[in-house]
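Dropping a structure here in structure tokens format, bear with me for questions.
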Amino acid sequence: MSGFSPELIDYLEGKISFEEFEKRREERQANEKKDASKTSTEITECDEEDPNIPSTSGISHEKHRIHSEDEGHTSDGVSKSVHRAFASMIGEDERDDEEEEEEEEEDDDDDEEEDDAEDNPEQPSAGDVFALEMELNRENKKMMKEKRPRSKLPKALRGLMGEANIRFARGEGEEAILMCMEIIRQAPLAYEPFSTLAMIYEDQGDMEKSLQFELIAAHLNPSDTEEWVRLAEMSLEQDNIKQAIFCYSKALKYNPANVRYLWERSSLYEQVGEHKLAMDGYRRILNLLSPSDGERFMQLTRDMAKTYFETNDVLSAIGIIEEAFSKHQSLVAIEDVNIAAELYISNKQYDKALEVITQFSGITLKKENDSPQENGVAVCHIPDGSPIDITVKMMLCLIHLNILEPVNPMLTTLMEQNPEEMGDLYLDVAEAFIDVGEYNSALPLLSALVCSEKYNLAVVWLRHADCLKALGHMEQAAESYSKVVEMAPLHLDARISLSTLQQQLGQPEKALEALEPMYDPDTLAQDANAAQQELKLLLHRSTLLYSQGKMYYYIDTLLTMLVMLLKIAMNRAQVCLISSSKTGERHLYLIKVSRDKISDNDDQDSANCDAKAIFAILTSVLSKDDWWNLLLKAIYALCDLGRYKEGELLVDSSLEYYSFYDDRQKRKELEYFGLSAAILDKNFRKAYNYIRIMLMENVNKPQLWNIFNQVTMHSQDVRHHRFCLRLMLKNPDNLALCVLSGHNAFVSGSFKHALAQYVQAFRMQSDDPLHSLCIGLTFVHMASQKFVLKRHALLVQGFSFLNKYLDFRGPCQETFYNLGRALHQMGLTHLSIHYYQKALELPPLQLEGIEEDQVDLRRDIAFNLSLIYQSSGNIQMARRLLSLYCII
């Protein structure tokens, strides 16, 4: 090893790193160059001084021979010189060294005989060592480029791994499996046992297990691209496309420029519907294609443009076709021109489409001047043999660019074609004319199409009707729209247009017939798109019914729309929409149903999922505020028709709908609607539930206490007593609550409790005559009890407060009646007659908003007087009062 450089020896022995080796080698080479330059000058001087010095041609020839020998390679791909160097460094058998030396000596002898050169030097020269070092460096770089996988199998287990392979080769599969499992237990990151297991299971026919172990081996040795490709093919055999895509992705990670892998993976992406990823792969293929593959580039571009267009990605399709036109302009075919023009037209880039057609198809467009003063007139020249598709696309561009002069000759040429064969081109041109408002030019084309057999379609009739409507031919347009509805009953726009025309023509019944429901309830519950179309139809129908004053049908339409939105909420509220003919005509009604009639939980869950999907569609048609206005219209309409019960149920369902309930303002408004509907329906128990919640939130609102008093007065229920007591504890200073608690105690016979409440109210507002009246009546009732102490004192206090009430209220029919009634209760009839008679002489009070008959007390006064006269034996006076005031 003395012939090798010291840094090489240190590197091979592991004493220095490769970077340190490179650095020291470069320094040594620099020094050698300096020494070589000095030596060459000395040799030159010596040659000039002594011509008898032997020539160095033998040495140079010897170097050349050694170099030529080193260029040979062994069977493992490593050059012989490198092989010998490593063999000498690791100390192989001396016998091999001697044999090689003998062979070298023989070769040297032969060379000496042939070349007549001197003997070889015993030690290699500096040039030989340098050549060897360079060869080692090249081999090292070559091995690094190959990126050979480094095994993670320990040396101690390599023998066991070899034994497992031998057992597998002998057919002893079970023993081989056990050995591989043991190796995996000790070295789980080595890929060799997994590969062997994959081969064993493949030999046994268990392809699924074989694929699993092969995948593990590939993950542990990921740089083997061929193995990944083989795994992808095996995955495809098992119809596992996603796994095959993953395998191709792994192969492309280590070989990203392989076109075949990219193509296979993109094809698989298309099979699973990942069009974007597939197109990305095809774009990478385009970037990898060389300029000489122009035909392949153009064909792939066509396919990609078509795929982009089918997936509605027009911009990407335009971008890929423009790239093809710029790179391979000479290979552009008429098919490419047709595709590019179609893409530009679909994207409304008519100027670019016109530019492509005129540049590549041979069609020319020029301006000619008849005279210098006039503007140029566009003239289009179409060569013979030009495809009709290109000509029509040229027409479309000119029409949309408002260059109509050259269109007429081309239109004449198109009209000469058979509409049965060229109907699609007829329709394209007609639609272009309609888009720019040239209805007179579009009408002949559409008329020819509707008269044909092949293109007698609903879409053609619709365009025909639109054209007639725009030209003012209303009756003919209505006939065409009727034809569309007949051929396509689910076409919403045609129905709406037909209904509008029928209404304008004075045929309201036919207008309503055109807006009949299109779908049955089961379809609406499952199909979100059908629900969207039906909702738009019902909106127009409701507007038409309201304008015609058909309120029952108007409510039917509103309820149908609201049920589509509130289906889940109605199930929670146990409300159902039924169809009934109880009024002679069949209409829709809301009813309350029991819980057992609601669908099962499983059906309910699936229905809820469908309803959520439908809700997303419905909210895209109408906003939240629009649905709210629709709900208010339905509640008002139901109350106008006296259907208060249904109004209550609709409010209950709406309160179960989270979008309305979460909005505090809307929730409060719904609660007021529910309270009003319950009172109008005389459902005071339900009204109490509403007013109770409202009072808890707004305890200081007198209007709510007035409603509460009306509800409790009509409900004949005593639930509110405890509610008022609990609320009184929380709000002891509330005047209305204090008076109402006194009333409750008074009605219950708890006069002392009532008196305490009335006195508290009197202290809060002492000038209110109601408080004095209540205190006075409480004392009178206490004095009227059978067992009572100090009856006289109670009466004195009672009439004292009643006189105070008279002072505050003033002399009127009401005050005299109340005093007379109190005296009558105590048996002081002679005094009560005085006050009754004074009350009869006074007119009733005049109160705003209340009829006079409702506050007139003369009937009550006369009846009480008749009782007094009757008890005293004056029957004639009693009859006279009754006949005068009480008989109608």
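The values are calculated or read from the model by the stated rules, or taken from the named source; none is laboratory data. This structure is a prediction, so every number in the text was calculated from the model and none was measured. A quick note on method: Cβ atoms are made from the backbone with ideal geometry, for glycine too, and the neighbour counts reach across all protein chains shown. When the accessible area is computed, the model is the full protein with side chains, heavy atoms only, and any ligands, DNA or RNA have been set aside. Shrake-Rupley method; radii C 1.70, N 1.55, O 1.52, S 1.80 Å.
Just for the range 391-428: of the residues that are out of contact with any helix residue (DSSP H, G or I) (no Cβ under 6 Å at 6 or more places or on another chain) and hydrophobic (A, V, I, L, M, F, W, C), which one is farthest from residue 459 (Cα to Cα)?
Among residues in the range 391-428 that are out of contact with any helix residue (DSSP H, G or I) (no Cβ under 6 Å at 6 or more places or on another chain) and hydrophobic (A, V, I, L, M, F, W, C), the one farthest from residue 459 (Cα to Cα) is 403.
Taking only the range 852-888 into account, find how many residues are surrounded by 17 or more Cβ atoms within 10 Å (Cβ to Cβ) and either in contact (Cβ under 8 Å) with a residue 60 or more places away in the chain or among the polar types (S, T, N, Q) (or both).
The qualifying residues number 2.
If you scan the range 694-721, which residues turn out to be within 41 Å of the chain's Cα centre (by Cα) and modelled with pLDDT of 90 or more?
Of everything in the range 694-721, just one residue is within 41 Å of the chain's Cα centre (by Cα) and modelled with pLDDT of 90 or more, namely 694.
Out of the residues in the range 405-429 that are outside any helix (DSSP H, G or I) and over 20 Å from residue 357 (Cβ atoms), state the one that is most open to solvent (accessible area, probe 1.4 Å).
416
So, in the range 331-370, how many residues would count as being crowded, with 18+ Cβ neighbours inside 10 Å and under 23 Å from residue 291 (Cβ atoms)?
Matching residues across the range 331-370 total 7.
I need a count of the residues in the range 314-330 that are open to solvent by 50 Å² or more (accessible area, probe 1.4 Å), within 30 Å of residue 436 (Cα to Cα) and not aliphatic (A, V, I, L, M).
Summing the residues that are open to solvent by 50 Å² or more (accessible area, probe 1.4 Å), within 30 Å of residue 436 (Cα to Cα) and not aliphatic (A, V, I, L, M) in the range 314-330 gives 1.
Here are some conditions: (1) exposed (fewer than 13 other Cβ atoms within 10 Å of the Cβ); (2) without any contact (Cβ under 8 Å) to a residue 24 or more places away in the chain; (3) not charged (D, E, K, R). Residue 765 meets all but one. Which one does it not meet?
The one condition residue 765 does not meet is (2).
Follow-up question, since we're still on this one. As an exercise: evaluate residue 838 against (1) in a helix (DSSP H, G or I); (2) within 19 Å of residue 743 (Cα to Cα); (3) open to solvent by 60 Å² or more (accessible area, probe 1.4 Å); (4) not aromatic (Phe, Trp, Tyr) and give the number of the one condition it does not meet.
Only one criterion in (1) in a helix (DSSP H, G or I); (2) within 19 Å of residue 743 (Cα to Cα); (3) open to solvent by 60 Å² or more (accessible area, probe 1.4 Å); (4) not aromatic (Phe, Trp, Tyr) is unmet by residue 838, namely (2).
Of a type outside the set (A, V, I, L, M, F, W, C) and surrounded by fewer than 18 Cβ atoms within 10 Å (Cβ to Cβ): which single residue out of 849, 820 fits that description?
Residue meeting the stated conditions: 849.
Let me ask something else. Would you check if residue 334 is over 11 Å from residue 397 (Cα atoms) and modelled with pLDDT of 85 or more?
Answer is yes for this residue.
Just the residues that are open to solvent by 80 Å² or more (accessible area, probe 1.4 Å) and over 20 Å from residue 577 (Cα atoms), please, taken from the range 498-546.
Across the range 498-546, the qualifying residues are 504, 509, 510, 513, 529, 540, 543, 546.
Only residues that are farther than 21 Å from residue 710 by Cβ and either among the basic types (Lys, Arg) or open to solvent by 20 Å² or more (accessible area, probe 1.4 Å) (or both): list them for the range 637-656, please.
Just the residues of the range 637-656 that are farther than 21 Å from residue 710 by Cβ, to begin with: 637-638, 640-641, 643, 646, 649-650, 652-656.
Matches in the range 637-656: 640, 641, 643, 652, 655, 656.
In the list 664, 685, 692, which residue meets the criterion of being touching a Ser or Thr at 6+ places or on another chain (Cβ under 7 Å) and open to solvent by 60 Å² or more (accessible area, probe 1.4 Å)?
Working: 664 fails: touching a Ser or Thr at 6+ places or on another chain (Cβ under 7 Å); 692 fails: touching a Ser or Thr at 6+ places or on another chain (Cβ under 7 Å).
The match here is 685.
Only residues that are within 20 Å of residue 589 (Cα to Cα) and at pLDDT below 90: list them for the range 657-682, please.
657
Specify which of the listed residues (494, 432, 465, 470) is open to solvent by 30 Å² or more (accessible area, probe 1.4 Å) and at pLDDT 90 or above.
Unique residue meeting the criteria: 470.
Another one. What helices (runs of 4 or more DSSP H) lie completely within the range 659-767 and have 1 or more residues being within 23 Å of residue 569 (Cβ to Cβ)?
664-680, 684-697
Something else now. Any residue in the range 587-598 that is touching an Asp or Glu at 6+ places or on another chain (Cβ under 9 Å), among the polar types (S, T, N, Q), modelled with pLDDT under 90 and farther than 19 Å from residue 637 by Cα?
no
I'd like the full set of residues that are within 24 Å of residue 460 (Cβ to Cβ) and outside any helix (DSSP H, G or I), limited to the range 517-530.
Answer for the range 517-530, where residues must be within 24 Å of residue 460 (Cβ to Cβ) and outside any helix (DSSP H, G or I): just 518.
Among the helices (runs of 4 or more DSSP H) lying completely within the range 441-515, list those that include at least 2 residues that are over 22 Å from residue 533 (Cβ atoms) and out of contact with any strand residue (DSSP E or B) (no Cβ under 8 Å at 6 or more places or on another chain).
458-470, 474-487, 508-514
Scanning the range 558-578 for residues that are open to solvent by 20 Å² or more (accessible area, probe 1.4 Å) and aliphatic (A, V, I, L, M), which turns out nearest to residue 649 (Cα to Cα)? Working first, answer last.
Going residue by residue through the range 558-578, those that are open to solvent by 20 Å² or more (accessible area, probe 1.4 Å) are 560, 563-564, 567-568, 571-572, 574, 576-578.
From what is left, the residues that are aliphatic (A, V, I, L, M) are 563-564, 568, 577-578.
Working: 563: 12, 564: 16, 568: 14, 577: 10, 578: 13 Å.
Looking at the filtered set, the residue picked out is 577.
Among the residues of the range 719-731, write down those that are open to solvent by 60 Å² or more (accessible area, probe 1.4 Å) and touching a helix residue (DSSP H, G or I) at 6+ places or on another chain (Cβ under 8 Å).
Residues satisfying the conditions are 719, 725.
Considering only the range 693-700, I want to know if a residue exists there that is out of contact with any helix residue (DSSP H, G or I) (no Cβ under 8 Å at 6 or more places or on another chain) and closer than 30 Å to residue 794 by Cβ.
no
Could you list, in sequence order, the residues of the range 844-888 that are acidic (Asp, Glu) and part of a helix (DSSP H, G or I)? I'd like the intermediate steps shown before the answer.
At the first step, the residues of the range 844-888 found to be acidic (Asp, Glu) are 848, 851-853, 856, 860.
Across the range 844-888, the qualifying residues are 852, 853, 860.
Which of the residues spanning the range 248-262 are assigned to a helix (DSSP H, G or I) and surrounded by fewer than 16 Cβ atoms within 10 Å (Cβ to Cβ)?
249, 253, 254, 259, 260
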